[in-house]
Amino acid sequence: MTYRTPLTLLFAAGLALGGQARAEGTLHFANWSDYYPPELLKKFEKDTGIKATLDAYDSNETLLAKLKAGGGAYDVVVP
């Protein structure tokens, strides 16, 4: 697996949030725990100026429970 796919998703979400080179706002991101290196979000923040928050989960059931409970207004979810 390459790290290109998650980075591409983050980049696309960044464009959707502002469409500017230096957009403002926060990207709420849900993904598997240990799915990619932590420095990837830092690079995204540096490159776009958008703060990224990660809500990690360890199973599809955990994610589904969070979504059903209404506990997560995510911009990007990686199932």
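Below, the figures for the structure above:
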quantity	calculated
Any chance PHE44 is assigned to a helix (DSSP H, G or I) and either modelled with pLDDT of 90 or more or of a type in the set (Asp, Glu) (or both)	yes
Where a residue in segment 19-35 is over 25 Å from PRO79 (Cα atoms) and its partner, wherever it lies, is at pLDDT below 85, with Cβ under 6 Å and at least six apart	ALA23/LEU17
Pair list, Cβ under 6 Å, 6 or more apart: segment 52-66 residue closer than 16 Å to PRO38 by Cα, other residue among the aliphatic types (A, V, I, L, M) and surrounded by 12 or more Cβ atoms within 10 Å (Cβ to Cβ)	ALA52/LEU27; ALA52/LEU41; ASP55/ALA30; TYR57/LEU63
Boolean, TYR35 is crowded, with 16+ Cβ neighbours inside 10 Å, at pLDDT below 90 and either of a type in the set (Asp, Glu) or assigned to a loop (DSSP other than H, G, I, E, B) (or both)	no
Qualifying residue in segment 5-14 (condition: surrounded by 11 or more Cβ atoms within 10 Å (Cβ to Cβ) and modelled with pLDDT of 75 or more)	no
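The values are calculated or read from the model by the stated rules, or taken from the named source; none is laboratory data. Because the structure is a prediction, the values reported are computed rather than measured. Here Cβ is always computed from backbone atoms with ideal geometry, including for glycine, and neighbour counts include all displayed protein chains.
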